[in-house]
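As structure tokens, the structure follows; a few thoughts come after it.
FYI, it's all coordinate maths here, none of it is from the lab. For clarity, every value in this text was computed on a predicted model and none was experimentally measured. Positions of Cβ are backbone-derived with ideal geometry, glycine not excepted, and every protein chain shown enters the neighbour counts.
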Amino acid sequence: MNENQQGLYTNITYFKGLNTLRFFAAYLVVIHHSESMKLKNAIGSLGSLSLLQNGGNAVTFFFVLSGFLITYILLKERKNTETVKVKNFYRKRVLRIWPLYFLLVFLGAVIIPFLIQQFQIDYKVPYTLSEVWLYFLLFFPGLVTFYYGHHMLEPLWSIGVEEVFYLIWAPLFKFIRKNILGLLIGVIVVKALLSIIPFFIDMPDLYTFLVNMLKFEAMAVGGLGAYFIFRAKRNLNTLYCYKKPVQVIVYLILFIFIIFDTNILYPFWDVVFETPVLSPLIVNFLFLYLIVGVSMISGNIIKLENKFFSYLGEISYGIYMYHITVISAVILLLKKLPVSFGFYPRNILFYVLVTVGTILVAHLSKKYFENYFLRMKK
């Protein structure tokens, strides 16, 4: 398709339903870390249900969504201004991401370790600030996990990946003008080749860790969706792949994957969803199908545009960033409950406190902290 051709969807300012998807994905991360931390602290884990282990899938969804939105924004800017203002792009990303990111780094690497020491809380921080400050500063917090093990700031690894992606994506769109489709496909192919190498050559653990962490292929898959929407010459509602019967089949597969994946022991299922390199791409395209369906297809069987959940999606960055701290505080509180306090009442109380606490903290952060910087965008 000619890069200079104009499509029907070149001036979209709002993709409906995506904020709700953001919240659901963020809450799946909350559930995942809740269960793993409850198990570690012996306060009544709900077991090995696949639904409770979707943290990794949710983060992958965020990567696909980021690639979709950022690629569309850059394509739209280039159409309207005939260039990409890289400095302006960086400024907007900095004002959205950096304040909360560095606040969490300060809290998790300075304040919380100090409080743990002062109040003799039963938790050991696996690193000192002097050991890890450079990793956080350079947006490679994933390396802190690699070198020092699990820690309270572990979720920041995905923020680091997105920052590295943003750093290279805008300049590429500025200087590569005639083959964006080739760029997107090239990222997917290169990542696949890098992932295959360890199957044939013994590579260092750091190599495997970095290849698995830098999920640029998920962002490129999202970018493919944005590219084809931006260049679309026909109404997307007429696409065969979004006919009602096809939607039912695809969404059913995605639903089963989210709810039951690790609990399904059939060989065919393992081939589709457990094959290295191939299976992650299948999941990425399933997430892209959901994103396009929810935001662009009027006849989509899943309707997610809702004011309440949309707001929760707006504060989902805070939900993602603060939830580990809230979970840790709730666990400390529940440890003080008597043993006679039953398993189910304990879990109900846990999730009420974690859900309300995380949403409340994220709301206050958005209103009184993050919005201060977001207003600077204008």
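I'd like the trypsin sites (Lys or Arg not before Pro) in segment 279-354 restricted to DSSP loop residues with at most 12 other Cβ atoms within 10 Å, sorted by number. It would help to have the intermediate numbers written out before the result.
Numbers: sites: Lys303, Lys307, Lys335, Lys336, Arg346; in loops: Lys303, Lys335, Lys336.
Passing both the DSSP loop test and the Cβ count: Lys303, Lys335, Lys336.
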List the aspartates and glutamates whose alpha-carbon lies under 15 Å from that of Lys79, not counting same-chain residues fewer than 8 positions away?
Glu3
Nearby aspartates and glutamates by direct alpha-carbon distance to Lys378 (threshold 17 angstrom, same-chain neighbours under 8 apart not counted)
Glu77, Glu370
Using DSSP H assignments, which helices in the chain have an axial alpha-carbon span of 18 Å or above and a mean Kyte-Doolittle hydropathy of 1.6 or higher?
180-196, 244-260, 278-296, 316-334
1/(1 + (r/R0)^6) with r = Cβ-Cβ of Leu254 and Ser130, R0 = 45 Å, i.e. FRET efficiency to nearest 0.05, evaluates to 0.50
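Listed here are the pairs Lys85/Lys178; Lys233/Lys377; Lys174/Lys377; Lys178/Lys233; Lys16/Lys76; which of them are more than 25 Å apart at the Cα?
Values: Lys85/Lys178 18 Å; Lys233/Lys377 33 Å; Lys174/Lys377 21 Å; Lys178/Lys233 18 Å; Lys16/Lys76 17 Å.
Flagged as over cut-off: Lys233/Lys377.
Between Ile116 and Ser50, what FRET efficiency comes out of the Förster formula 1/(1 + (r/R0)^6) with R0 = 25 Å and r the beta carbon distance, rounded to 0.05? Provide the component values of the computation, followed by the final result.
Numbers: r = 33 Å, r/R0 = 1.33.
Once the sixth-power term is evaluated, E becomes 0.15.
Hey, could you grab the Kirkwood Rh for segment 18-377? Inverse mean 1/r over distinct alpha carbon pairs, Å, one decimal. Kindly include the intermediate steps, with their values, before the conclusion.
Details: mean 1/r = 0.0454 Å⁻¹.
This gives a value of 22.0 Å.
Obtain the radius of gyration and the Kirkwood radius of segment 260-303 from its C-alpha atoms and give Rg over Rh. Working shown, then result.
Values: Rg = 13.3 Å, Rh = 11.9 Å.
Rg/Rh: 1.11.
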Ranked list, fewest to most other Cβ atoms within 10 Å of each Cβ, for Thr60, Thr358, Thr262, Thr83:
Thr83, Thr262, Thr60, Thr358
Normalised by the number of residues in the chain, what is the relative contact order in percent for Cα pairs under 8 Å and 6+ residues apart?
34
Given a 10 angstrom Cα cut-off, can you work out which residue in Ile185, Ile196, Ile43 is the most mobile in a GNM of the chain?
Ile196
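Just from its helices, what would the mean residue ellipticity at 222 nm be for the chain, if runs of 4 or more DSSP H residues each count -39500 (n - 2.57) and the sum is divided by every residue, rounded to the nearest 500 deg cm²/dmol? Display every interim value, and only then the final one.
Numbers: 17 runs with 254 residues, N = 378.
Taken over the chain, the calculation gives -22000 deg cm²/dmol.
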Looking only at Phe146, Phe257, Phe216, which one moves most when the chain is put into a Gaussian network model with springs between Cα atoms under 10 Å?
Phe146
Please build a GNM for the chain, connecting alpha carbons under 10 Å apart, and tell me which residue among Met296, Met203, Met321 fluctuates the most.
Met203
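Going by C-beta contacts inside 10 Å, put Tyr227, Tyr14, Tyr320, Tyr207 in order with the fewest on the left. Walk me through the numbers before you get to the answer.
Numbers: Tyr227 22, Tyr14 8, Tyr320 25, Tyr207 14.
Result, fewest neighbours first: Tyr14, Tyr207, Tyr227, Tyr320.
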